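*Asks:* Let me give you the structure first, and then I'll get to my questions.
The values are calculated or read from the model by the stated rules, or taken from the named source; none is laboratory data. Computed from a predicted structure; not experimentally measured. Backbone-built Cβ (ideal geometry, glycine too); neighbour counts: all protein chains shown.
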Amino acid sequence: MIDATELELTPQDFTNIAQSMEEEIGHVIVGQREVVHGILICVLAGGHVLLEGVPGLGKTMLIRTLSEVLDVQFSRIQFTPDLMPADITGSNIIAEDHLTGGRHFQFQPGPIFANLVLADEINRATPKTQSALLEAMQERQVTVARTRHHLQEPFFVMATQNPIEMEGTYPLPEAQVDRFLFKLTIGYPSQEELVDIVSRTTARELPHARKVATGETVLRMITLARDLPIARPVVDYVARLVMATHPGSEYGGEANQYVRFGSSPRGAQSIVTAAKIHAMLQGRYNVAFEDVRFVALPALRHRIILNFEAEAEGITPDSIVRDILRNVPEHAR
């Protein structure tokens, strides 16, 4: 395990540590390379990730494995309809001073006070409870009884949701979805991967990942990645991609017909930040157009709101983003 307090991280150190993290996760999680790569980008970008997939595909196991790779505090919150905001953030309780006999209010932290928080089946909680995460995800703090309690860095929220079971669920509000850096979808494994999964999980000893980095290491890596240079033409390309998600854009294509609302500026910020991480994971220390194209889909798919015509014709946000990537040129005309 590498402790950043003992060395000054270089770009090569960043690449080596990140690749080691990806390899350790691969010792436990079969396949899902793109999903693992996407989660790693989110962690090293200091962002949050929303995982969507049907039950049984290993979403929770994937996040638990990440907590094994990182030497950070892990917390799991099972979202249910009866969960209250105080069950997440914590609340003030009456405490008694055994010396004086006096009583006073004392803040009891909730499970949100961890470095890596798994919000399992987040769409099962009511909007009131879901909103308890808004301040924590954006400001890295929790306000209880007008008192601000800061969360310890690094802080990541990994949320999961089931896309096929709608009974007893509450769709996430757009303001909260927008706070996730990536939305990743987990698909079914292939036949070969399924055989490997069964072999690994039905043996006497289950596979485990070793710890690779500390929380301090991750913070150093986040800072190092943000210092990576990005050329103005690449930033302009990102801006054109995001603008193309809005109806009426020159390069909109399908978006002009099927989109009600396009991406917010957070979409552009997410693409640039994630593209820097992807470049460094490839061992390159400048952001290229290919890095932008790689991260555009997971960064934009949850920031596009379709109209009724799109839903009637089976158009998805993914197809809109892919159409935009085909239409938008790398250089302005």
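*Asks:* Within region 229-263, track down each residue that is under 21 Å from HIS48 (Cα atoms) and either assigned by TED's automatic domain parsing to the domain that holds ASN16 or not in a loop (DSSP other than H, G, I, E, B) (or both).
*Replies:* From region 229-263, those under 21 Å from HIS48 (Cα atoms) are 238, 242, 262-263; that's our starting set.
VAL238, VAL242 - these are the residues of region 229-263 that are under 21 Å from HIS48 (Cα atoms) and either assigned by TED's automatic domain parsing to the domain that holds ASN16 or not in a loop (DSSP other than H, G, I, E, B) (or both).
*Asks:* To continue, here is another question. From ILE94, ILE29, which residue is surrounded by fewer than 19 Cβ atoms within 10 Å (Cβ to Cβ), of a type in the set (Val, Ile, Thr) and at pLDDT below 85?
*Replies:* Numbers: ILE29 fails: surrounded by fewer than 19 Cβ atoms within 10 Å (Cβ to Cβ).
The unique qualifying residue is ILE94.
*Asks:* Turning to a different aspect of this structure: Do any strands (runs of 3 or more DSSP E) lying entirely in region 136-200 carry at least 2 residues that are surrounded by 13 or more Cβ atoms within 10 Å (Cβ to Cβ), and which ones are they?
*Replies:* Correct list: 141-144, 156-161, 182-185.
*Asks:* Name, by its number, the condition in (1) more than 15 Å from LYS183 (Cβ to Cβ); (2) in the same structural domain as ARG232 (by TED's automatic domain parsing); (3) in contact (Cβ under 8 Å) with a residue 40 or more places away in the chain that does not hold for ALA274.
*Replies:* Unmet for ALA274, out of (1) more than 15 Å from LYS183 (Cβ to Cβ); (2) in the same structural domain as ARG232 (by TED's automatic domain parsing); (3) in contact (Cβ under 8 Å) with a residue 40 or more places away in the chain: (1).
*Asks:* Let me spell it out: the conditions are (1) within 30 Å of GLN19 (Cβ to Cβ); (2) touching a Gly at 6+ places or on another chain (Cβ under 8 Å); (3) of a type in the set (Asp, Glu), and GLU68 meets all of them except one. Which number is the exception?
*Replies:* Result: GLU68 fails condition (2) only.
*Asks:* Next up: Name every residue in region 287-311 that is over 9 Å from PHE182 (Cα atoms) and assigned to a helix (DSSP H, G or I), in order of residue number. I'd like the intermediate steps shown before the answer.
*Replies:* So in region 287-311, the residues over 9 Å from PHE182 (Cα atoms) come out as 287-294, 296, 303-311.
Scanning region 287-311 gives PHE289, GLU290, ASP291, VAL292, ARG293, PHE294, ALA296, ARG303, PHE308, GLU309, ALA310, GLU311.
*Asks:* Does VAL287 qualify as being surrounded by 18 or more Cβ atoms within 10 Å (Cβ to Cβ), more than 26 Å from GLU174 (Cα to Cα), outside the structural domain of ARG33 (by TED's automatic domain parsing) and without any contact (Cβ under 8 Å) to a residue 60 or more places away in the chain? Break it down stepwise before answering.
*Replies:* Values: surrounded by 18 or more Cβ atoms within 10 Å (Cβ to Cβ): yes; more than 26 Å from GLU174 (Cα to Cα): yes; outside the structural domain of ARG33 (by TED's automatic domain parsing): yes; without any contact (Cβ under 8 Å) to a residue 60 or more places away in the chain: yes.
Considered against the rule, which asks whether it is surrounded by 18 or more Cβ atoms within 10 Å (Cβ to Cβ), more than 26 Å from GLU174 (Cα to Cα), outside the structural domain of ARG33 (by TED's automatic domain parsing) and without any contact (Cβ under 8 Å) to a residue 60 or more places away in the chain, VAL287 comes out as yes.
*Asks:* Okay, next question. Taking only region 116-130 into account, find how many residues are surrounded by fewer than 23 Cβ atoms within 10 Å (Cβ to Cβ) and of a type outside the set (Val, Ile, Thr).
*Replies:* Total meeting the criteria: 7.
*Asks:* Pick out the one residue from ARG103, ARG64 that is farther than 24 Å from TYR170 by Cα, of a type in the set (Lys, Arg), out of contact with any Pro (no Cβ under 7 Å at 6 or more places or on another chain) and free of Cβ contacts under 8 Å to residues at least 12 places away in the same chain.
*Replies:* Working: ARG64 fails: free of Cβ contacts under 8 Å to residues at least 12 places away in the same chain.
None of the other options fit; the residue is ARG103.
*Asks:* Further question on the same structure: What are the residues in region 91-120 that are touching an Asp or Glu at 6+ places or on another chain (Cβ under 9 Å) and charged (D, E, K, R), if any? Don't jump to the end; show me each part of the working.
*Replies:* Residues of region 91-120 that are touching an Asp or Glu at 6+ places or on another chain (Cβ under 9 Å), as a first pass: 102-104, 110-111, 115.
Result: ARG103, single match.
*Asks:* Right, next: Answer yes or no: is there a residue in region 205-222 that is surrounded by fewer than 23 Cβ atoms within 10 Å (Cβ to Cβ), outside any helix (DSSP H, G or I) and not assigned by TED's automatic domain parsing to the domain that holds SER67.
*Replies:* For region 205-222, residues surrounded by fewer than 23 Cβ atoms within 10 Å (Cβ to Cβ), outside any helix (DSSP H, G or I) and not assigned by TED's automatic domain parsing to the domain that holds SER67: absent.
*Asks:* In addition: Please enumerate the residues belonging to region 32-42 that are surrounded by fewer than 22 Cβ atoms within 10 Å (Cβ to Cβ) and either more than 15 Å from the chain's Cα centre (by Cα) or among the hydroxyl-bearing types (Ser, Thr, Tyr) (or both).
*Replies:* Residues of region 32-42 that are surrounded by fewer than 22 Cβ atoms within 10 Å (Cβ to Cβ), as a first pass: 33-34, 36-37, 40.
Residue satisfying the conditions is ARG33 alone.
*Asks:* Exactly one of these conditions fails for TYR237: (1) at pLDDT below 85; (2) buried (at least 16 other Cβ atoms within 10 Å of the Cβ). Give me its number.
*Replies:* The failed condition is (1).
Residue by residue, here is whether (1) at pLDDT below 90; (2) assigned by TED's automatic domain parsing to the domain that holds LYS183; (3) of a type outside the set (Val, Ile, Thr) holds:
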position	(1), (2), (3)
ARG293	no, no, yes
LEU297	no, no, yes
ILE304	no, no, no
ASN307	yes, no, yes
GLY314	yes, no, yes
SER319	no, no, yes
ARG322	no, no, yes
ARG333	yes, no, yes
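*Asks:* Check whether at least one residue in region 224-235 is in contact (Cβ under 8 Å) with a residue 60 or more places away in the chain and farther than 30 Å from PRO317 by Cα, and report yes or no.
*Replies:* yes
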